[in-house]
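Remarks on the structure that follows.
The values are calculated or read from the model by the stated rules, or taken from the named source; none is laboratory data. Here the structure is a predicted model, which is why all the values come from computation and not from measurement. A quick note on method: Cβ atoms are made from the backbone with ideal geometry, for glycine too, and the neighbour counts reach across all protein chains shown. Surface accessibility is based on the protein's heavy atoms, side chains included, excluding ligands, DNA and RNA. Shrake-Rupley method; radii C 1.70, N 1.55, O 1.52, S 1.80 Å.
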Amino acid sequence: TYRLHARAHLGILMETVNYYKLPHTSRVSTTLTILAYSTRDWIDYYNFKAIRLPNDLLFSLDPFLKKLYEKHKFHAGILKLEPNTYYDWHKDTNRGVSINMVLNFDGHHHCLFTQDHGKVTGKFKELVYEPHTYYLFNNQESHSVYNYDAIRFLFSIEFEETKESLSFNDLLEELHNG
């Protein structure tokens with residue numbers, strides 16, 4: 001009965017949202033936040049500054065990430081967005097889905113999704129990140145980030161599978177069904 005209810009609920013979710021709050025509290029967020037503030041060796045990565053994270057660090061701190069990696073190989077990193085910077089509306093080139101988590105909340109920022117990209121006016125939906133929380137993120141829907149008064153650090157998982165082989169809906173169903 002639970003699976004039927006979850007699947008029915010899941011069908012509604014897949015039609016109406018571009019992200020999904022995962023029911024796993026992060027065990028790496030505090031360590032990664034300290035690392036982000038202390039790192040000086042940022043590299044350029046898709047118009048962000050980034051650092052790549054060692055999998056052994058992630059796996060030693062968070063069993064959820066180790067289990068996820070066993071099913072879907074990935075690379076993880078921290079993306080840095082400077083104050084008063086935006087990342088304009090776009091769909092990712094190769095990524096169908098990612099898992100993201102904001103690491104710091106000392107500034108003001110917005111992550112938005114729209115289906116009205118390219119119009120003069122339109123509707124959007126905001127992803128309001130919560131601390132220590134992973135979000136499944138649909139990279140194939142138009143999205144944008146506006147960052148205001150402080151550096152923004154985002155933990156992001158990039159799966160080795162491309163948008164053709166791993167979609168948001170596929171991973172959502174898999175994670176939801178356990």
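Using the Cα gyration tensor of the stretch 118-160, with a ≥ b ≥ c the square roots of its eigenvalues, what is the shape: rounded (a/c below 1.5), prolate (a/b larger than b/c) or oblate (neither)? It is oblate, given that a/c is not under 1.5 and a/b is not larger than b/c.
Per-peptide packing, taken as the mean over residues of other Cβ atoms within 10 Å, places 32-39, 129-136 in the sequence 129-136, 32-39 from highest down.
The apolar share of the surface of the stretch 19-71, taken as the fraction of accessible area on carbon and sulfur atoms (1.4 Å probe, ligands and nucleic acids excluded), comes to 55 percent.
Out of L65, H90, N100, whose Cα points farthest toward the positive end of the dipole of the stretch 61-100 (charges: +1 Lys, Arg; -1 Asp, Glu; placed on Cβ)? Most positive-ward Cα: L65.
The three principal axes of the Cα atoms in the chain give end-to-end lengths of 50, 47, 28 Å, sorted in falling order.
When only the Cβ of Lys, Arg, Asp and Glu is charged (+1, +1, -1, -1), the dipole of the stretch 34-173 relative to its Cα centre reaches about 60 debye. Full extension of the chain between D41 and T25 gives 3.0 nm of extra length, using 0.36 nm per residue less the Cα-Cα distance. For F74, the residues whose modelled amide H falls within less than 5 Å of its own, excluding neighbours fewer than 5 places apart on the same chain, are E160.
Apply the a/c threshold of 1.5 to the C-alpha gyration tensor of the stretch 94-152 and tell me whether it is rounded, prolate or oblate. Here the stretch 94-152 falls in the oblate category.
The order of the peptides 86-99, 146-159 by mean Cβ neighbours within 10 Å, most packed first, is 146-159, 86-99.
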